Amino acid sequence: MIREILHFPDARLKQGGQSVANINGDLVQTVEDLVVTMYDAPGIGLAAVQIGVPQRIIVVDVNHEEPGKDLLKLINPVITAREGEIIWEEGCLSVIDYTADVKRSAKIEVKAWTPDEKEIVLQAEDLLAVALQHEIDHLDGKLFIDRISRLKRELYARKVKKLLREGRPLEPQPRKGKPTI
Ligand code: ZN
């Protein structure tokens, strides 16, 4: 089922997610909802926190030429190694009409569980590394705008408050050919 995506400044985005203690039918349903909501958006990653489920679950698929082929469904993901630096222009399905350069680790190793209860370790670089770090941030209640300068963040917050005051809906504008993390 396609779920509603929460937008900044919704307080639930700041609460982050709890570790998943057991993989059950509800969790499998949440994962499937995340997948269809991500593709519908369209996005290349989505965290359960963004649909109002405060659990440590993310889905990522950076291969939009062949959707589903490289789809990752990760439970309790943890970054276990980092290397280098990369700057990427990030957007977010929860942060409407805004992108900014964010500094991340260029290569990471992530340990996680899959919905079929397998423990996996994966190596990621470039866009996949960026997307995984971005989604894992959501599980800690962090948005990419928490990683830019305070001035830029406050200007953005002011713009959103103005839109809300004017009663304008917080609908993301499609980005030309650029999927949103
Ligand atoms: Zn995001």
- Item | Only listed residue being within 16 Å of the ligand (Cβ to nearest atom) and of a type in the set (Asp, Glu), chosen from ASP116, ASP101 | ASP101
- Task: Would you confirm whether any residue within the stretch 113-130 is in contact (Cβ under 8 Å) with a residue 40 or more places away in the chain and polar (S, T, N, Q)?
- Result: yes
- From the list GLU89, GLU109, which one is free of Cβ contacts under 8 Å to residues at least 40 places away in the same chain and closer than 15 Å to THR180 by Cα? GLU89
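A short reminder: the numbers here are calculations on the coordinates, not readings from a lab. Predicted model, so just to flag it, every value in this text is computed and none were measured. Because the Cβ atoms are built from the backbone with ideal geometry, glycine has one as well, and the counts that use them run over all protein chains shown.
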